[in-house]
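Below: the structure, in structure tokens.
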């Protein structure tokens, strides 16, 4: 039984055009990317235009395939408002190999800097570091991704390492690795100053904690159940702390006699 014929996208069905007034200027810097191979100087689809079409796809679920995206590029409104040419299927398919996605990092960084906090707790007014949540999550990999093996040829997975700014409500950094790559290693290679990293116990590592301090940032982390520490000072809890479920506030020296020299800073245990 033949499937239902898919309707071509129409201008009236597409959304999100207003956002491209902000994005177009940022993407213009990518226009000449990948043109080194174009010795005949006849490239029609450039990287900034390709990324604009991909963003339109994200705003419009009606563009559910590469074919639908190509059909949308035929529309006069899309060409005029987004300043993109009619794209062929071949050009769209080739673009993923020609254009270097690493070039988007600076564009994303510029966009993040323009964002303002979407929520603010008055208790954070005197806090001068950027609260950054960090975590690594496993994602199932497709069969052809042999580099993603983490057990055997039937178990393929990648890990997404994401930094998320709490107050702005947006991810600001990410990396994809094979599933066996340690989260601590990825974070240590991407530390920035002026941040408060919020970490789960998967990042429990004294060397990493010292690297965060050395990078002029700080951290809040969950300790493992078997973590060893020496209590230096017990502090009284006020009513606000008790109301949110804090059961202890202590200044501690972290680590056993074998590891305590790895972390110079005294910690707070709650």
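Read the figures in this text as sums done on the coordinates, not as results from a lab. Quick caveat, the model's predicted, so the values are computed rather than measured. Positions of Cβ are generated from backbone atoms using ideal geometry, with glycine treated the same way; all protein chains shown enter the neighbour counts.
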Please work out the FRET efficiency for the pair residue 241 and residue 213, using the Cβ-Cβ distance as r and a Förster radius of 25 Å; give the result to the nearest 0.05. 0.55
Segment residue 102-residue 115, extension gain: residue separation times 0.36 nm, minus the distance between their alpha carbons: 2.6 nm
On a 0 to 90 degree scale, rounded to 10, what angle separates helix 47-59 from the longest Cα axis of the chain? 80 degrees
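Only helical DSSP H runs with n ≥ 4 go in: add -39500 (n - 2.57) per run for the chain, normalise by residue count and round the 222 nm mean residue ellipticity to 500 deg cm²/dmol.
Using -39500 (n - 2.57) per qualifying helix, the result is -7500 deg cm²/dmol.
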Take peptides 173-181, 157-165, 221-229, 238-246 and line them up by average Cβ neighbours within 10 Å, highest first, as a rough protection proxy. 157-165, 173-181, 221-229, 238-246
Calculate the spin-label point distance for residue 138 paired with residue 36, positioning each point 7 Å from the Cα along the beta-carbon direction, and give it in nanometres. 3.8 nm
Percent antiparallel among DSSP beta bridges confined to the range 118-224, nearest 5, equals 70 percent
Measuring from label point to label point, each 7 Å out along Cα→Cβ, what is the residue 201 to residue 259 span in nm? 1.2 nm
Suppose the chain between residue 128 and residue 64 were pulled fully straight at 0.36 nm per residue; how much longer would it get relative to their current alpha carbon spacing? 18.7 nm
Viscosity 0.890 mPa s, temperature 25 °C: Stokes-Einstein D of the chain from its Kirkwood Cα radius, in µm² per second? 108 µm²/s
Which distance in nm do the two modelled labels at residue 175 and residue 222 give, with both placed 7 Å along the Cα-to-Cβ direction? 2.3 nm
How big is the range 11-109 in terms of Cα radius of gyration and Dmax, in angstroms? 13.0, 39
Provide the packing ranking of 100-113, 188-201, i.e. peptides ordered by the mean count of other C-beta atoms within 10 Å per residue, highest first. 188-201, 100-113
